[in-house]
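Student: Please read through the structure below; I'll follow up with questions.
The values are calculated or read from the model by the stated rules, or taken from the named source; none is laboratory data. All of these numbers come straight from a predicted model, not from anything done at the bench. Cβ placement follows ideal geometry from the backbone for every residue including glycine, while neighbour counts extend to all protein chains displayed.
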Amino acid sequence: MTTPLVWTEKISVNIPEIDQQHQTLFAIINDLITEHNQQAEPEKILSLIGRLVDYSGTHFTTEENLLVDLNFPHFIQHNQAHLAYMKKVDLFIQDCKSNKRGLSLEMLEFLNHWWLNHVSISDMEYARHFKANPAD
Ligand SMILES: [Fe+2]
Ligand SMILES: [Fe+2]
């Protein structure tokens, strides 16, 4: 059973817009977990995955613009992590479509772990950097 994601202040990056986006992303993943557990129709799950992809793109753009503005020294690595995620999710979606199935447990676990680790470890690196080097 995949454990739902819980956002807490402990993983706040101290940037309200981004914290809000992380909470929305966690909520979408949790909806996917619910739909997976309820064995929802593949079309319903694919449309929710579509929403996740769109919102991930919006979030990555917000974050990358901010990292560039603030001269984050590990921007390239961070950007690459976002790109690798998008690529992997795209492969999963192709697989869902060609095999006419909704969401494999493997994909669900990947999404769950990726978001938890990325927000609590990778995003935390820039949060710490900004705290130590305020923009103004
Ligand atoms: Fe993020
Ligand atoms: Fe990120």
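Student: Could you list, in sequence order, the residues of the range 78-127 that are exposed (fewer than 12 other Cβ atoms within 10 Å of the Cβ) and assigned to a helix (DSSP H, G or I)? Even if it seems obvious, please write down each step before you answer.
Tutor: Step one: of the range 78-127, the residues exposed (fewer than 12 other Cβ atoms within 10 Å of the Cβ) are 80, 83-84, 87, 90-91, 94, 97-100, 105-106, 121.
Within the range 78-127, Q80, L83, A84, K87, D90, L91, Q94, K97, S98, L105, E106, I121 qualify.
Student: Restricting attention to the range 6-33, report how many residues are of a type in the set (S, T, N, Q), within 15 Å of H118 (Cβ to Cβ) and part of a helix (DSSP H, G or I).
Tutor: Restricting attention to the range 6-33, the residues satisfying the condition of being of a type in the set (S, T, N, Q) are 8, 12, 14, 20-21, 23-24, 30.
From the residues that got through so far, the ones that are within 15 Å of H118 (Cβ to Cβ) too are 12, 21, 23-24.
Narrowing the set further to residues that are part of a helix (DSSP H, G or I) leaves 21, 23-24.
Total meeting the criteria: 3.
Table: residues versus (1) more than 16 Å from ligand 1 (Cβ to nearest atom); (2) over 16 Å from S122 (Cβ atoms); (3) among the β-branched types (V, I, T).
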| position | (1), (2), (3) |
| --- | --- |
| P4 | yes, yes, no |
| V13 | no, no, yes |
| I18 | no, no, yes |
| H22 | no, no, no |
| L25 | no, no, no |
| L66 | no, no, no |
| N79 | no, no, no |
| L83 | no, no, no |
| C96 | yes, yes, no |
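Student: If you don't mind, another one. Let me confirm something: among L105, L91, L116, which residue is within 16 Å of ligand 1 (Cβ to nearest atom) and of a type outside the set (F, W, Y)? Quick ask: steps written out before the conclusion?
Tutor: Details: L105 fails: within 16 Å of ligand 1 (Cβ to nearest atom); L91 fails: within 16 Å of ligand 1 (Cβ to nearest atom).
From the options L105, L91, L116, the qualifying one is L116.
Student: Quick one: which residue in A84, A127 is within 15 Å of ligand 2 (Cβ to nearest atom) and free of Cβ contacts under 8 Å to residues at least 12 places away in the same chain?
Tutor: Details: A127 fails: free of Cβ contacts under 8 Å to residues at least 12 places away in the same chain.
Exactly one residue qualifies, and that residue is A84.
Student: Evaluate the range 87-103: report whether one residue or more is within 16 Å of ligand 2 (Cβ to nearest atom), free of Cβ contacts under 8 Å to residues at least 40 places away in the same chain and under 19 Å from the mean Cα position of the chain (by Cα). Full working, then the answer.
Tutor: Of all residues in the range 87-103, those within 16 Å of ligand 2 (Cβ to nearest atom) come to 87-89.
Applying the additional criterion that residues be free of Cβ contacts under 8 Å to residues at least 40 places away in the same chain yields 87-88.
Of the ones still in play, those that are also under 19 Å from the mean Cα position of the chain (by Cα) are 87-88.
Yes, there is a match, as at least one residue in the range 87-103 is within 16 Å of ligand 2 (Cβ to nearest atom), free of Cβ contacts under 8 Å to residues at least 40 places away in the same chain and under 19 Å from the mean Cα position of the chain (by Cα).
Student: Sticking with this structure for a sec: What are the residue pairs meeting all of these: first residue in the range 34-47, first residue in a helix (DSSP H, G or I), second residue among the acidic types (D, E), Cβ atoms under 9 Å, and 6 or more apart or on different chains?
Tutor: Taking only residues 6 or more apart or on different chains, the pairs are E35/E41; K44/E35; I45/E35.
Student: Only one residue in T61, T3 is outside any helix (DSSP H, G or I) and either touching a Gly at 6+ places or on another chain (Cβ under 7 Å) or of a type outside the set (K, R) (or both), so which one is that? Talk me through it step by step, then tell me what you get.
Tutor: Details: T61 fails: outside any helix (DSSP H, G or I).
Result: T3 is the single residue among T61, T3 that is outside any helix (DSSP H, G or I) and either touching a Gly at 6+ places or on another chain (Cβ under 7 Å) or of a type outside the set (K, R) (or both).
Student: A further question on this structure: So H22 fits all but one of (1) farther than 26 Å from A132 by Cβ; (2) in contact (Cβ under 8 Å) with a residue 60 or more places away in the chain; what number is the exception?
Tutor: So H22 meets the others, but not (1).
Student: Evaluate the range 42-60: report whether one residue or more is modelled with pLDDT under 95 and farther than 23 Å from K88 by Cβ.
Tutor: There is no residue in the range 42-60 that is modelled with pLDDT under 95 and farther than 23 Å from K88 by Cβ.
Student: Right, V68: buried (at least 16 other Cβ atoms within 10 Å of the Cβ) and of a type in the set (V, I, T) or not?
Tutor: Details: buried (at least 16 other Cβ atoms within 10 Å of the Cβ): no; of a type in the set (V, I, T): yes.
No; evaluated as a whole, the condition is false for this residue.
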